[in-house]
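Accompanying notes for the structure given below.
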Amino acid sequence: MEPSSSNFSSSPSPFPLNAWYACAYDVEVGRDLLARTICNQKVVMYRTLDGEVCVLADACWHRLLPLSMGRLEGDELVCGYHGLHYNARGRCTSMPSQEGVNPSACVKSYPVLERHRLIWIWMGEPSLADPASVPDLHWNHDPDWAADGKLIHVKCDYRLVIDNLMDLTHETYVHGSSIGNSAVAEAPFVATHGHRTATITRWMEGIEAPPFWANQLFQARDYKGPVDRWQIIRFEAPGTVTIDVGVAPAGSGAVPKEGHASDRSQGVNGFVLNTMTPETDQSCHYFWAFARNYSLTEQRLTHQLREGVANIFREDELVLEAQQQAINANPGHRFYNLNIDAGAMWARRLIDKMVDEESTPAPHQSQRSIVIKQAA
Amino acid sequence: MEPSSSNFSSSPSPFPLNAWYACAYDVEVGRDLLARTICNQKVVMYRTLDGEVCVLADACWHRLLPLSMGRLEGDELVCGYHGLHYNARGRCTSMPSQEGVNPSACVKSYPVLERHRLIWIWMGEPSLADPASVPDLHWNHDPDWAADGKLIHVKCDYRLVIDNLMDLTHETYVHGSSIGNSAVAEAPFVATHGHRTATITRWMEGIEAPPFWANQLFQARDYKGPVDRWQIIRFEAPGTVTIDVGVAPAGSGAVPKEGHASDRSQGVNGFVLNTMTPETDQSCHYFWAFARNYSLTEQRLTHQLREGVANIFREDELVLEAQQQAINANPGHRFYNLNIDAGAMWARRLIDKMVDEESTPAPHQSQRSIVIKQAA
Amino acid sequence: MEPSSSNFSSSPSPFPLNAWYACAYDVEVGRDLLARTICNQKVVMYRTLDGEVCVLADACWHRLLPLSMGRLEGDELVCGYHGLHYNARGRCTSMPSQEGVNPSACVKSYPVLERHRLIWIWMGEPSLADPASVPDLHWNHDPDWAADGKLIHVKCDYRLVIDNLMDLTHETYVHGSSIGNSAVAEAPFVATHGHRTATITRWMEGIEAPPFWANQLFQARDYKGPVDRWQIIRFEAPGTVTIDVGVAPAGSGAVPKEGHASDRSQGVNGFVLNTMTPETDQSCHYFWAFARNYSLTEQRLTHQLREGVANIFREDELVLEAQQQAINANPGHRFYNLNIDAGAMWARRLIDKMVDEESTPAPHQSQRSIVIKQAA
């Protein structure tokens, strides 16, 4: 791909609304009211006595006081100013000092569901909220994998995090003191994409394993020697990136070849799970976890990997927040894309397409979706 | 009254200028320069050697340095940058390195007076500053009453404080842990209004006294038993609210009946005195005091009541500042009024009328004032 | 000069770009990357292995990450995100994962030079950067003088600092607790100006020396008695002010008279060196030093003078930052000039002229420069 120019601020909005976004880890939501801003909308979350998650707009119909400053009475939320009661669907059920309830008295209730240890919210048209379109992060609760992660808050457009994850060559420069080395920056990659996904695949065959993976492979499979290493970055619009990483003994069948299925059984495999949810146009909630398919019961390793990744992501935060500030200081700046930006470029095109579709009549949509189904 | 809708930001300005506003407690102003912003205007206050209060614009005519960074020389204020001298009327009397004084050299001097333990300032047309129109807060220094209070700074439009005070049902929800209970929210009230005032009157006859008042009545009058209780909230435009509260033995004559004057002599009576002064469009100075007409010499009770009210008002501050932020986050939002909002609605109409009058020719004014002199 | 009015915010820009500005003390720039904003432009500074100072725009061509977050490799600066390399002229020399380099890939490189212990940067048209036009601050490294100073950051338009320095009567009011007294405010002065300079000269003949100078003169020259004292403030557009101060025994020849050169050999002489560089429209970098031509080897005196001046300048900072805030709070305010503002007024005219020249065709320029070459 030739270097080309693009304007990061071309979209009317940086995110589509007709999409599932992670709004909380499952354990964060309970009988205490949890306030959070998602896609510029303030919401309040809680669970009913039956454990069902409710998400309502966080502003009382009467005087806009955040409902998160109120309290629960059974399944109802009571405003902390004048005591209006709302049920879990956002309907006002009682008002102070009067018997009737104004029929317009309600607050927005959002479609939500719980999957893969996260709460997912749909910010757009409720009738389009198809549970089948929740991004796949099953590793988070799959018994064949051991996973643990965190939620961090980053003061940048969520798309800058996606740019970052779609190009792992940055490891060499941002994470030079931890996981980076020049091998990744030099390895060739293949970029492909589909209707809602873009994938960057890198195979490094017969190489010396980097220290981290050499150690994992020896501990888990008792193997020392050359390896085949992979990094498969898969973006799912608008905000999810899973990174399939690992090593296997060189020539043991992990590398996919025509006519043979890949056999990773002698290797070790991890998944870096990332889903970024816009908080505002310039800040995001970043839910991540690291999952592995080996040494599943070693709690020490789980703890070590979680904190190791957390330290690395802190290095990214500094870069991402500085980049956001630089973009703000240079309004209208046009950016040039390098080879390494292929994945990020496709991710942004898919996001832009979703945003466009929300403001475009249906026939035009289907025409456009054909156009972009070509190879990178 | 039916619920109706209103737009909180309809006024061109949220406050009239032709009105007396409290700008300081009397003890705050002395021979140290006191800087404060009143109705978006920065002022500096001090007392002359004779004890007269002066309030000048807080910006030197020459280079705008705040005069509050200067110092007093006798009755004159000397700028802390180049030493221009101003007399108590704001006239420049000397300039550095030159003999003459530019005739235009002066800063604005504001009409002020001292009454009811407060300093009152007139921000508008000086010729309209009628000392007779200072709001009545005489309880603050009446020997028949024991009063004490504080000044707090609240980061909200002063009208949100008025809304809060004009509807005491909020006590149930905001002050549930202290003075609130559901009795007030259930009691009926009568709303009336005049040219510059609006009043909400609630009488609860033959009820059990709430613990606070039961205790006050027993300590002061040695009475236990059912009571007649009252709450009479009186708004005086643009920023003063007095709340007449108390209890008397049931049937002892406190309740006003046709043909009989009210006799509260066997009861106990308090006044919550409140006057709110706009600092900016979204912040205010809130001067309050609690006065009582019993146990006048008990300093412990004075202290206890003052700190008790202060704790309650801190709960209001959290709600009011959150409400202001929510209003800002929802520009143009239209609000619906409930029955409980009758008092606040009238208060805002009277404020709007004062603001309108300032930008309207006189004949039109008198026509309008007839129109609004009808019962609620 | 009669008082006249002026509008501080009349200029389209508060500073010319075609001028040398101090951007760092020489010792500040080395092999660590130094980020600073000069005239609203973010720059990064470092020295090559040969000790040459380089200043580049502090934003990577690729994704705008500040280059100051990167690192040096030899004479090249490597971006801390994706590893683009830049040479000392700002040309990109390598990109990750690709062989070619986009020909447009470069960042702005600024003309710089090192003189009088400062690094000077030229923010405007490079072809106009004439090394001969660097302001004269030779006292900073002249062996006949002992000098020491500091860099302070002031949150005000750099021109407010110039106003301050051009009128030393403010010493009486701002520095009343240290160096100020009323003598300076009362002494007459002479104002002159040239093409790029404005000078205020004050001679006080046969006076009692102020305590500071009396002490310096006695320690250095063993003299007690009446003195001739001078203050010669010289502004060089756009941002440099040198103040020649000192005393000599009365009648010893220091006062310049027609037909005789001034002889200061029996006196003591100091120079307050000041050069202010706009950081933004409302903040500046203020490089200052105090130089003396006596007791050159007394380190204790050097230390004492530096810290003494630093304490005095902190008093100015409070005034200057308050003045900037007051100006912002009064947009469009017109200012009146007093006699004492003669020097500041000329300094501002010379700055305005430089700003005008940058947006005006050349013929018009030369006409204007004739017009202003008249006496004050």
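The values are calculated or read from the model by the stated rules, or taken from the named source; none is laboratory data. Nothing here was measured: the structure is a model prediction, and the numbers come from that model. As a convention, Cβ positions derive from the backbone with ideal geometry for all residues, glycine included, and neighbour counts pool all protein chains shown.
Here are the numbers:
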item: Residues located in segment A:230-261, provided they are farther than 16 Å from A:Leu137 by Cβ and touching a Pro at 6+ places or on another chain (Cβ under 8 Å); result: A:Pro249, A:Ala250
item: Single residue of C:His260, C:His303 found to be without any contact (Cβ under 8 Å) to a residue 24 or more places away in the chain, closer than 29 Å to C:Ala220 by Cα, assigned by TED's automatic domain parsing to the domain that holds C:Pro211 and out of contact with any strand residue (DSSP E or B) (no Cβ under 6 Å at 6 or more places or on another chain); result: C:His260
item: Test: B:Asn164 is assigned by TED's automatic domain parsing to the domain that holds B:Val268, farther than 18 Å from B:Val43 by Cα and in contact with a strand residue (DSSP E or B) (Cβ under 8 Å, 6 or more places away or on another chain); result: no
item: Of all residues making up segment C:14-47, the number that are surrounded by 15 or more Cβ atoms within 10 Å (Cβ to Cβ) and either touching a Lys or Arg at 6+ places or on another chain (Cβ under 9 Å) or not assigned by TED's automatic domain parsing to the domain that holds C:Leu77 (or both); result: 23
item: Matching entry among A:Thr199, A:Thr192, A:Thr242, A:Thr172 (being assigned by TED's automatic domain parsing to the domain that holds A:Ile327 and not in a strand (DSSP E or B)); result: A:Thr172
item: Single residue of segment B:60-85 satisfying the filter (among the small types (Gly, Ala, Ser) and closer than 16 Å to C:Asn164 by Cα) that is farthest from the other protein chains (Cβ to nearest Cβ); result: B:Gly80
item: Only listed residue being away from every other protein chain (no Cβ under 14 Å), modelled with pLDDT of 95 or more and buried (at least 16 other Cβ atoms within 10 Å of the Cβ), chosen from B:Glu114, B:Glu125; result: B:Glu114
item: Condition check for C:Ala105: buried (at least 17 other Cβ atoms within 10 Å of the Cβ) and within 14 Å of chain A (Cβ to nearest Cβ); result: yes
item: Hits in segment A:98-117 - residues which are outside any loop (DSSP other than H, G, I, E, B) and out of contact with any Phe, Trp or Tyr (no Cβ under 8 Å at 6 or more places or on another chain); result: A:Ser109, A:Arg115
item: Residues located in segment B:183-214, provided they are away from chain A (no Cβ under 14 Å) and either aliphatic (A, V, I, L, M) or touching a Phe, Trp or Tyr at 6+ places or on another chain (Cβ under 8 Å) (or both); result: B:His193, B:Thr197, B:Ala198, B:Thr199, B:Thr201, B:Trp203, B:Ile207, B:Ala209, B:Ala214
item: Criterion (touching a residue at least 40 places away in the same chain (Cβ under 8 Å), crowded, with 20+ Cβ neighbours inside 10 Å and in a loop (DSSP other than H, G, I, E, B)) met by exactly one of C:Trp61, C:Trp120; result: C:Trp61
item: Where a residue in segment A:156-173 is more than 21 Å from A:Asp244 (Cβ to Cβ) and its partner, wherever it lies, is of a type in the set (D, E, K, R) and assigned to a helix (DSSP H, G or I), with Cβ under 7 Å and at least six apart; result: A:Cys156/A:Glu321; A:Arg159/A:Arg348
item: C:Ala248 being surrounded by 20 or more Cβ atoms within 10 Å (Cβ to Cβ), more than 23 Å from the chain's Cα centre (by Cα) and either outside the structural domain of C:Cys39 (by TED's automatic domain parsing) or within 28 Å of C:Glu315 (Cα to Cα) (or both); result: yes
item: Residue among B:Ile152, B:Ile162 that alone is modelled with pLDDT of 95 or more, within 14 Å of another protein chain (Cβ to nearest Cβ) and surrounded by 14 or more Cβ atoms within 10 Å (Cβ to Cβ); result: B:Ile162
item: Subset of segment B:317-336 that is in contact with a strand residue (DSSP E or B) (Cβ under 9 Å, 6 or more places away or on another chain), under 17 Å from B:His170 (Cβ atoms) and of a type outside the set (A, V, I, L, M) - its residue that is farthest from the other protein chains (Cβ to nearest Cβ); result: B:Glu317
item: Test: residue in segment C:292-304 that is surrounded by fewer than 22 Cβ atoms within 10 Å (Cβ to Cβ) and either within 14 Å of another protein chain (Cβ to nearest Cβ) or under 15 Å from the mean Cα position of the chain (by Cα) (or both); result: no
item: Tally, over segment B:202-239, of residues that are in a strand (DSSP E or B) and in contact (Cβ under 8 Å) with a residue 60 or more places away in the chain; result: 4
item: Filter result for C:Ala88 (more than 15 Å from A:Tyr173 (Cβ to Cβ), more than 12 Å from chain A (Cβ to nearest Cβ), of a type outside the set (Lys, Arg) and assigned to a loop (DSSP other than H, G, I, E, B)); result: yes
item: Segment A:305-333 - residue that is closer than 26 Å to A:Val268 by Cα and of a type in the set (A, V, I, L, M) and, of those, farthest from the chain's Cα centre (by Cα); result: A:Leu305
item: Residue count, segment C:191-238 (criterion: of a type in the set (Asp, Glu), surrounded by fewer than 18 Cβ atoms within 10 Å (Cβ to Cβ) and either at positive phi or touching a Ser or Thr at 6+ places or on another chain (Cβ under 6 Å) (or both)); result: 1
